[in-house]
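Every number here is computed from the coordinates shown, using simple stated rules; none is lab data. In this text, all values refer to a predicted model and were calculated from it rather than measured experimentally. No Cβ is skipped: glycine too gets one built from the backbone with ideal geometry, and neighbour counts run over all protein chains shown.
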Amino acid sequence: MKRVFKWLGLALVTVVLVVAALIAHTIYFKPLKLDWFYTKVFAAVAIDSPEMLSSMRILPGWLDFYSSKLDDASPAHEQKALELVKNSLATIKQYDREKLDREGQLSYDTLAYYLQIQVDGEAFNKYDFPVNQMQGVQSALPDFMVQVHQVENKAEADAYITRLKLFPTKFSQLTDALRARESLGVIPPRFTVEKVLTQMNGMIAGAPEQHPLYVTFKEKLEKIPAAEMDAGTRTQLLAAVAAAIKDQVYPAYRGLIGYFTALQPKAKENNGAWALPNGDAYYAWAVRMHTTTNMTPQQVHELGLAEVARVSAEMDAILKAQGLSEGTVGARVQQLARSPEQQYPNTPEGKKAMLAQYQAILDEVNKGLGSAFDIRPQLGVKVEQVPPSSEATAPGAYYMPGAFDGSRPGVFYANMRNPGDTPKFAMRTLAYHEGIPGHHFQVSIAQEMQGVPFFRRVLPFTAYQEGWALYAERLAYEMGFQKNPLDNLGRLRDEMMRATRLVVDSGIHYKHWTREQAITYMMDNTGMAEGDVTAEVERYFVNPGQALAYKVGMLKILALREHAKQELGDKFDLKQFHNEVLSHGALPLSVLERVINDWIAKRKQA
C-alpha cells in the first residue's frame, strides 16, 4: 500500500510539474496552441487595464483585484504596451495559418491585421493628444467614475474613494506623457489648449459637494437598501468622497491646468497633421489605419467630393419640394431646422421630452426589423443625457456598450446642451445610428459571440463599426421608417456630414485647410448648426483620419451587399447577409470582404 501511495504521489508531482511547465512556457515563450496565445495576449492587455475590466465586467466578483486601481498613463507604460504589440505580432507569425480552419483563419487574420497596423505606426505612437476637447483623460476619467464604476455595497464604495485618491498619480503620469510629446514637437492646436483649460477650470469651480463625482456617488448610495448599509456608514462614505475631491481630485486638475497654462504660448497655430514632424507620412498611415484600406489621402478627398455632389442633389430635390430653392443646401436646411415646429425648447421639460422621443423611436424600430435580422442582441439599450459636465465639448450623441455580465445595458447618450441643435427631423437618423440597428446591435452582438477567442468580441475597427452604424441609417430608410420627406432630409443631412468629412479631414491634414475654411465648407453643405459644425471640425484636428471611417465603411458594406445581390439573384437573403456582417465581430474591411465572398460561394452551391 505504501508503494501505491508513493507512485500516486510521484504521478501527482509529475502532473503538477508538467502543468507548471506548460504555464511557464505559455507565459514566457510561444504557446503550444494558438488559442492559448490569444488568451495570453488578451489577458496581458486586460490585467494591465483595470478601467477596461470595470467597464466590461467579465470577471466574477471574487476575482475583483482591479476596482480600486486606475490605468497607468505614463510614458513607460505606453512603451510597454507598444512592446507587447510588437512581440505579439512576431509570435503570431510563427504559427502556420494554412493549418487553420476558416474560423481559425478569420481570428488569425483579424488579430494579425490589428497588430501589424499598430506596428506600422510605431514612429507616430506619440502623435496623439491624450488631453483634448473631445475625449481627453480630463473628461473621460470622471465620466468613467460616474458612468461605469458601480457602487452597490461598501467595498465598491471604498474602491470608488480609492480611485479618487489616485487622480494625482494618474494626472502626474499623464503630464509626463504630454511632456514627452511636447519634446517631439507634438503640441495640440491653439483652440484645443484654450478649450481644455476652460473645461478643467469649470470642473473645479464648485464646492466638492456639488461636483458630479460627489452627486452621482450619493445617488448610487441611495439605491442601496437601508438594511444593507446604515446611515452612519453612508455619512462617513460621503464625507470621504468630499475629502478626496477636495484634497486629491482638485489638486490633480490644478497641476494639469498649470501645465496647459504654460503650454498655451507655445500653441500658436491651428494646423493639421501636415505641420507635425513627418506629418504627411503620419496622416497617410492614419488614413490606412482608420479605414482599414490602402486608400491615399488624395483618393479619400476625391471620393468625398463625389459623394458630396451626389448627396447634395438628393437634398436639393427635397428642399425644392418644400419651397426652398434659393441659397446653399446648408443654408436652406438650417432655415428648416430653425423652424419652431422642429425645435425642442431648451428647458428641463423640453430636454425630458426629447429624450423620451428618442426612446420611442428606438422602441418602434426594434419592433419592426423582423424582415432584416435573424440575430438580435440579448442586452437592451436605453437613452440618457450626456453628463452636463461634458456636454459643452462632447459630440451630439454617442453610444456606450453595456456590461458583459448584463448588469448594465447599452446606453445611447444624447447631448442636451442645446436641444435645438438637433432638429426633430434629424432625431430618427441619430437614434438608428447610435442605437438600433446601429452601434447597439453591432457591439452587443459581438459581445455575445460564443466559441471565438475573446479578442474577437472586443477588438475595435472603426471603419467596420462606424460603417455599420451609417449603413444602419440607410437600412432604416429603406425599410420605411422615414416616410416623412423631412425625416429623409435628416438622414441625408447626416450622410452629407459623413461625406464632407472625407473632404474636410483630408483638407485639414493633407491640403493644409484652415479651421475656418473647414467650418465654412461644412456649413455650406450640411445644414448643421454652427456649434455642431465647429465641434466636428475641431474633432478632426485632434484625431486625424478617424472621421473618414464612417463613409468608407458604409460604402464598402453597400458595395458588398450589391455584389451579393448580383451574384446570388433569387438566392440573396438580407437576413443572412446581415448575419454574415454581424456575427463575426468587428473586422478589417478587407477581411469582411473575404467573409462575404465565402458566403456568396456557399450560397451558390446550396
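Here are a few things to note about the model shown:
- Protection proxy ranking, peptides 269-277, 363-371, average beta carbon neighbours within 10 Å, highest first: 269-277, 363-371
- The equivalent ellipsoid that matches the C-alpha gyration tensor of the chain spans semi-axes of 39, 33, 26 angstrom, in descending order.
- Here the chain is assigned +1 on the Cβ of each Lys and Arg and -1 on the Cβ of each Asp and Glu. Its dipole about the Cα centre then comes out at about 1240 debye.
- Cα pair count fraction exceeding 20 Å, expressed as % - the stretch 31-124: 47 percent
- The simple Förster model, with R0 at 35 Å and r as the Cβ-Cβ distance, assigns residue 228 and residue 201 a FRET efficiency of 0.35.
- For the stretch 483-497, putting each phi into the Karplus relation 6.51 cos²θ - 1.76 cosθ + 1.60 with θ = phi - 60° gives couplings of 5, 5, x, 6, 4, 5, 4, x, 5, 5, 4, 6, 5, 4, 4 Hz, in residue order, rounded to whole numbers and with x for Gly and Pro.
- Hydrodynamic radius of the stretch 137-275 per Kirkwood, over alpha carbon pairs, in Å: 16.5 Å
- Extension gain (nm, one decimal) between residue 407 and residue 266, 0.36 nm per residue minus Cα-Cα: 46.2 nm
- Radius of gyration (Cα atoms) of the stretch 280-555, expressed as a multiple of 2.2 N^0.38 Å: 0.98.
- Loop-resident trypsin sites (Lys or Arg not before Pro) (DSSP state other than H, G, I, E or B) in the stretch 245-308 with no more than 12 further Cβ atoms inside 10 Å of their Cβ: 268.
- Förster radius 41 Å - calculated FRET efficiency between residue 570 and residue 210, Cβ distance, rounded to 0.05: 0.05
- Spacing of the modelled spin labels on residue 352 and residue 101, each 7 Å from Cα toward Cβ, amounts to 5.5 nm.
- Cross-link partners of residue 320 among aspartates and glutamates, defined as those whose alpha carbon lies under 17 angstrom from its own and excluding same-chain residues fewer than eight positions apart: 487, 524.
- In this structure, the amide hydrogen of residue 382, modeled 1.01 Å from its nitrogen in the peptide plane, lies closer than 5 angstrom to those of 410, 411, 412, counting only residues at least 5 positions away or on a different chain.
- The mean of 1/r over all distinct Cα pairs in the stretch 441-504, once inverted, gives the Kirkwood hydrodynamic radius of 13.7 Å.
- Expected-Rg normalisation [2.2 N^0.38 Å, Cα atoms] applied to the stretch 459-606: 1.19
- Equivalent-ellipsoid semi-axes for the stretch 83-212 (Cα gyration tensor, √(5λ), whole Å, largest first): 37, 23, 13.
- Over 24 Å apart at the Cα level, from the set 80/266; 195/352; 483/571; 511/551; 382/551; 165/195, are 80/266; 195/352; 483/571; 382/551; 165/195.
- Shown here for the stretch 456-509: trypsin sites (Lys or Arg not before Pro) in loop regions (DSSP other than H, G, I, E, B) with at most 12 other Cβ atoms within 10 Å, namely 483.
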